[in-house]
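Since the structure comes first, as structure tokens, the remarks are kept for the end.
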Amino acid sequence: MKFVKTLGGLAFGVCVLLSPRSAGFLSAQAPTAREGQVTFSKDVAPIFQRSCQNCHRPGSIAPMSLMTYEDARPWARSIRRRIAAREMPPWYIEKNVGIQEFKDDISLSDADIATITVWIDGGLLKGNPADMPPPRKFDDLEQWRIGKPDLVVRVPQDWTIPAEGPDAWIESIAPTGLTEDRYVKAMQTRPGPGTLKVIHHVTTTMRQQGGDAAEEQFLSEYSLGKNAEFMPEGSGILLKAGSMIKFQVHYHSYGEEVVDTRAGLGFVFYPKGVVPKYVEVRRSVGNPVHGNINGIDVPANDANVRIDGYTRLDKPTRVVAFQAHMHARGKRMCMEAILPNMDVETLSCTKYDFNWNLTYTYADDVAPLLPAGTLLHIIGWHDNSAGNRLNRDPRNWVGWGARTVDDMSFAWVAMVSLDQADFDRMVAERKAKHTN
Ligand code: HEC
């Protein structure tokens, strides 16, 4: 065991050439555990079940399964590295700053990381199979979780993902066909049948007819584990007559050819004519604008380029969700609130990885309540150096643009405008809760 521990400590410097499977120190037989030792069955399996298995199971998107001890053991070294760097699971909210309670939070706590690391360094004990948690049930992605949708908008054409090839980001636009305004009560993006392995994620935005990007609104993100959204009672999103849906699908080849017969975005509406009390908008915030044009200036060969943008909230506002929007050079984003009295509060900071466009939805009790006149301040950092593995050419200056090789720096923020009385009531309720 001592031997394993020493090797474990050196593993990333010295042993990188060993593939996990050939690592000789992993004996064929799992050693038996003593009382109080960290084991897979008792301690690690529940964490994997909650935070990993949705993607790491047969037929799903990740390259290997983490369902059983035998599945997980050969990957120990890689797991140790990925969780320590907080690259896995894909959840990049920084843990030492800002709000920490979110819906659908699959992130690991420091204690989870310690448990898995002790399990690995302690010799990968299997433990007593009777300690295993009952198997997790997974959502059937071929079913709508929002009930029967009133409208389904689909990607307009099939797309073939070759057995091998680079990742592809495909953008397409489809009309909603709506002839009158409707308010959305629930929505869900569903990947095409049999595409679980190749669809990395899908994001959808709404565009008004003839509208330019400024009129675009973020709608939803599908990545495994987040696939249906229900608006709180009395709130909804306005989908205007004549609006279009823009789909962005990130495909990842998986060793066999797959034809995607179209991801779809399903909506359940409020009844015709019903206008919910709270209308949620999902707008771009902190887009750096100079005069009339969006502008960012990312010099070549610079690993740390900071860009600031501001959006003023004209009405009292409840912030519902936050998504950083950058491209391949993006590395980090923070959102802070500059309050009318000039107090500054950091709401969220996230490391940015272009491979995962993650939306973070605040838990109801902590969703920021901001007075009218607050400035939302978005700070984006780009890495345009060779050290960024997604950077195609660090010798290029990069400006604002829609292509993958251009970049951007803003946040999609879901928010609800409130009237003053409602805002005051919500603030009072929150205060009462926190002082009790
Ligand atoms: C939302 C889906 C998702 C979740 C949840 C997730 N993973 Fe992953 N994981 C992936 C994908 C996709 C890859 C392959 C791409 C990559 O390497 O980033 C991957 C890669 C990995 C790798 C690298 C494998 C190699 O090639 O060496 C490790 C290790 C890993 N995940 C561990 C975990 C662990 C441990 C958890 C839970 C604590 C977890 N992942 C949760 C999707 C996920």
In the range 29-39, residues that are crowded, with 16+ Cβ neighbours inside 10 Å and modelled with pLDDT under 90 total 2
Picked from the range 66-81 (must be in contact (Cβ under 8 Å) with a residue 12 or more places away in the chain and assigned to a loop (DSSP other than H, G, I, E, B)), the residue farthest from the ligand (Cβ to nearest atom) is M67
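Hey, does the range 287-307 have a residue that's more than 19 Å from T204 (Cβ to Cβ) and within 16 Å of the ligand (Cβ to nearest atom)?
no
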- For the range 15-28, indicate whether the set of residues that are in a helix (DSSP H, G or I), more than 12 Å from the ligand (Cβ to nearest atom) and at pLDDT below 95 is non-empty. yes
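For the range 113-138, what are the residues that are part of a helix (DSSP H, G or I), surrounded by 19 or more Cβ atoms within 10 Å (Cβ to Cβ) and not hydrophobic (A, V, I, L, M, F, W, C)?
D121
Listed here are the residues, each with its yes/no results for (1) in contact with a strand residue (DSSP E or B) (Cβ under 7 Å, 6 or more places away or on another chain); (2) under 23 Å from E280 (Cα atoms); (3) without any contact (Cβ under 8 Å) to a residue 12 or more places away in the chain; (4) open to solvent by less than 40 Å² (accessible area, probe 1.4 Å).
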{"residue": "G295", "(1), (2), (3), (4)": "yes, no, no, yes"}
{"residue": "Y310", "(1), (2), (3), (4)": "yes, yes, no, no"}
{"residue": "A321", "(1), (2), (3), (4)": "yes, yes, no, yes"}
{"residue": "D343", "(1), (2), (3), (4)": "no, no, yes, no"}
{"residue": "V366", "(1), (2), (3), (4)": "no, yes, no, yes"}
Residues of the range 389-407 being under 20 Å from the mean Cα position of the chain (by Cα) and open to solvent by less than 20 Å² (accessible area, probe 1.4 Å), in sequence order, are D407
For the structure I just gave you, tell me whether S223 is in contact (Cβ under 8 Å) with a residue 60 or more places away in the chain, farther than 24 Å from D104 by Cβ and buried (at least 16 other Cβ atoms within 10 Å of the Cβ).
no
Is it true that W91 is near the ligand (Cβ under 6 Å from one of its atoms) and out of contact with any strand residue (DSSP E or B) (no Cβ under 6 Å at 6 or more places or on another chain)? no
The lone condition V416 fails out of (1) within 29 Å of G236 (Cα to Cα); (2) open to solvent by 20 Å² or more (accessible area, probe 1.4 Å) is (2)
Wholly inside the range 151-193, strands (runs of 3 or more DSSP E) that include 2 or more residues that are polar (S, T, N, Q) and within 18 Å of Y270 (Cβ to Cβ) are none
Restricted to the range 40-65 and to residues being open to solvent by 30 Å² or more (accessible area, probe 1.4 Å) and part of a helix (DSSP H, G or I), the residue nearest to Y222 (Cα to Cα) is R50
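The values are calculated or read from the model by the stated rules, or taken from the named source; none is laboratory data. Keep in mind that this is a model prediction, so the values were computed, not measured. Methodologically, a virtual Cβ is constructed for each residue, glycine included, from the backbone with ideal geometry; neighbour enumeration extends over all protein chains shown. Accessible surface is based on the protein model in full, side chains and every heavy atom, while ligands, DNA and RNA are left aside. Shrake-Rupley method; radii C 1.70, N 1.55, O 1.52, S 1.80 Å.
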